[in-house]
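J.: Attaching a single structure in structure tokens format; questions to follow.
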Amino acid sequence: MATTTPDSPDIRSSRRAKSVGRAGDRVFSGLSRGSGITLLVIMAAIAVFLTYRAVLAISQDSTNFFTTFEWNPAANPPVFGIAVLAFGTVVSSVIAMAIAVPVAIGIALFISHYAPRKLAKPLAYVVDLLAAVPSIIYGLWGAIFLVPYLGGLNMWLDQYLGWTYIFDKSSDGVARNMFTVGILLAIMILPIITNVTREVFLQVPRMHEEAALALGATRWEVIRMSVLPFGRSGIISASMLGLGRALGETMAVAVVLSPSFVLSGHLLDPGGGTFAQNIAAKFNEANEFGRDALIASGLVLFVITLLVNGAARMIIARRKEYSGANA
């Protein structure tokens with residue numbers, strides 16, 4: 001039998017390969033660690049910058065920053081608050097999510113489990129294409145097409161659902177209101193939620209579905225017992241991605257909404273505002289202190305986004321089998 005000595009060519013070649021492998025592992029580990037640290041540093045730098053500029057503005061605010069219904073940092077003394085902006089941002093995002101999430105799940109299920117392959121691929125391509133449309137295009141379409149045609153819907157809601165208060169239209173005017181903004185945001189985030197949810201549904205193990213079918217389950221029962229439970233974390237993640245865009249959407253909201261600092265629970269009345277829309281509308285004309293005030297409102301939006309994503313992670317982690325921890 002042939003034997004190899006410690007200095008044989010095979011042993012030396014193996015040692016060199018292991019050395020190169022270890023070097024590659026060290027390089028990859030260093031790059032990965034450096035990327036993670038860089039991301040944390042960037043996030044920390046953003047938070048420090050926003051906090052510093054926000055403190056400068058809030059310290060000179062003559063009213064309560066969180067409850068004031070006015071925005072006039074150029075006044076003497078300065079008067080500005082985020083009550084209307086926070087309300088408008090949350091309400092428009094809730095409307096968008098309430099409309100977009102069920103529709104997105106339905107579209108994703110249709111593409112992944114119901115549509116023939118010849119139809120599923122073009123439909124998936126169209127949905128992907130919608131996700132790439134710029135925000136300003138959605139805004140122009142909303143202002144030119146959506147606003148005029150939603151007038152009739154607003155009148156119908158006022159007539160038949162006005163007793164609910166939120167659909168009670170107390171003032172006349174075109175449909176430049178939070179309800180229209182919510183519908184437009186729903187259309188904008190629909191492709192994002194649909195794409196992620198569809199990909200999650202396509203990852204369901206085929207054996208799970210076949211086992212349910214073998215037990216006599218209908219197609220809907222297969223989806224209810226196998227597909228939806230498996231894709232729960234993906235649906236939540238997709239929804240959070242859509243919510244993040246809805247919270248921070250700027251140009252489309254600025255084009256469609258007729259802003260005002262009047263806090264109203266009537267969704268069909270013109271007026272209201274959001275953090276992003278207010279920053280975009282007032283940043284150019286603001287002085288140095290006014291920009292600090294806008295940055296303070298941006299800090300609140302930043303915190304809201306972090307809280308929303310943290311809450312989503314907690315919801316996913318409550319069910320360990322769907323959290324990805326065992327992947």
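The values are calculated or read from the model by the stated rules, or taken from the named source; none is laboratory data. What you see is a predicted model, and the numbers here were worked out from it, not measured in a lab. In this analysis, Cβ positions are derived from the backbone assuming ideal geometry, glycine residues included, and neighbour counts consider all displayed protein chains. Heads up: the accessible areas ignore ligands, DNA and RNA and are worked out on the full protein's heavy atoms, side chains in. Shrake-Rupley method; radii C 1.70, N 1.55, O 1.52, S 1.80 Å.
J.: Pop a pseudo-label 7 angstrom from the Cα along the beta-carbon direction at both V90 and L213 and give the gap in nm to one decimal.
T.: Roughly 4.6 nm, to one decimal.
J.: As an exercise, take the mean of 1/r over every pair of distinct alpha carbons in segment 184-282, invert it, and state the Kirkwood radius in angstroms. The partial results should precede the final answer.
T.: Numbers: mean 1/r = 0.0615 Å⁻¹.
For segment 184-282, the Kirkwood estimate is 16.2 Å.
J.: Tilt of helix 288-317 relative to the longest C-alpha principal axis of the chain, in degrees (0 to 90, nearest 10)?
T.: Between the helix axis and the principal axis of the chain, the angle is about 50 degrees.
J.: Taking 0.36 nm per residue of separation and subtracting the Cα-Cα distance, what length does fully extending Y160 through L140 add?
T.: Residue separation times 0.36 nm, minus the Cα-Cα distance, leaves 4.2 nm.
J.: Further, regarding this structure: Would you mind counting up the charge near V256? Only other residues with Cβ under 12 Å from its Cβ, with Lys and Arg at +1 and Asp and Glu at -1. Walk me through the intermediate numbers first.
T.: Details: positive: R176; negative: E249.
Net of charged neighbours comes to 0.
J.: Now a separate question. So for the pair A115, N284, with labels modelled 7 Å out along Cα→Cβ, what separation do we get in nm?
T.: 4.0
J.: Sort L241, L146 from largest to smallest accessible area, using a 1.4 Å probe on the heavy atoms of the protein chains.
T.: Numbers: L241 100, L146 15 Å².
Listed by decreasing accessible area, they come as L241, L146.
J.: Additional query: Using a 1.4 Å probe, how large is the accessible area of F69, given in Å² and rounded to the nearest 10?
T.: Answer for F69: close to 100 Å² accessible.
J.: Tell me, in nm to one decimal, what length is gained between A75 and A98 on full extension, where the rule is 0.36 nm per residue of separation less the Cα-Cα distance?
T.: Net length gain for the segment: 4.4 nm.
J.: Continuing with the same structure: Could you give me D for segment 69-179, from Stokes-Einstein at 10 °C and 1.306 mPa s, where the hydrodynamic radius is the Kirkwood radius over C-alpha pairs? Units µm² s⁻¹, please.
T.: 90
J.: Quick one: length gained pulling Y52 to E221 fully straight, 0.36 nm per residue minus the C-alpha distance?
T.: 55.4 nm
J.: Next up: Mind putting together the pair-distance distribution for the chain? All Cα pairs, 10 Å bins, whole percent per bin, short to long.
T.: So the P(r) values, bin by bin, are 5, 19, 24, 22, 15, 8, 4, 2, 1, 0.
J.: Please give me the summed charge of the neighbours of P78: other residues whose Cβ is under 13 Å from its Cβ, Lys and Arg +1, Asp and Glu -1. Could you put the intermediate results ahead of the total?
T.: Working: positive: R291; negative: D61, E70, E288, D292.
Taking every other residue near P78 into account, the sum is -3.
J.: At a probe radius of 1.4 Å, what is the per-residue accessible area of M155, in Å² to the nearest 10?
T.: 130
J.: To continue, here is another question. Per DSSP H run of at least 4 residues, take -39500 (n - 2.57); add these up for the chain, divide by its residues and hand me the 222 nm value, nearest 500 deg cm²/dmol.
T.: Computed ellipticity for the chain at 222 nm equals -22000 deg cm²/dmol.
J.: A follow-up question, please. Relative contact order for segment 164-261: what is it in percent, counting Cα pairs under 8 Å that are at least 6 residues apart?
T.: Normalised by residue count, the contact order of segment 164-261 is 46 percent.
J.: What is the distance, in nm, between label points placed 7 Å from the Cα along the Cα-to-Cβ direction at A23 and at A131?
T.: My value for the distance between the label points is 4.0 nm.
J.: Further question: Any idea of S260's accessible area? Nearest 10 Å², probe 1.4 Å.
T.: Spelled out: S260, probe radius 1.4 Å, area about 40 Å².
J.: Let me ask something else about it. If you add up the charges near M178, with Lys and Arg at +1 and Asp and Glu at -1, over every other residue whose beta carbon is less than 14 angstrom from its beta carbon, what do you get?
T.: Taking every Cβ under 14 Å from that of M178, the sum is -1.
J.: On to the next question. Quick one: order E285, E209, E199, E221 from most to least accessible surface, probe 1.4 Å. Kindly include the intermediate steps, with their values, before the conclusion.
T.: Values: E285 145, E209 15, E199 85, E221 60 Å².
My answer, sorted largest first, is E285, E199, E221, E209.
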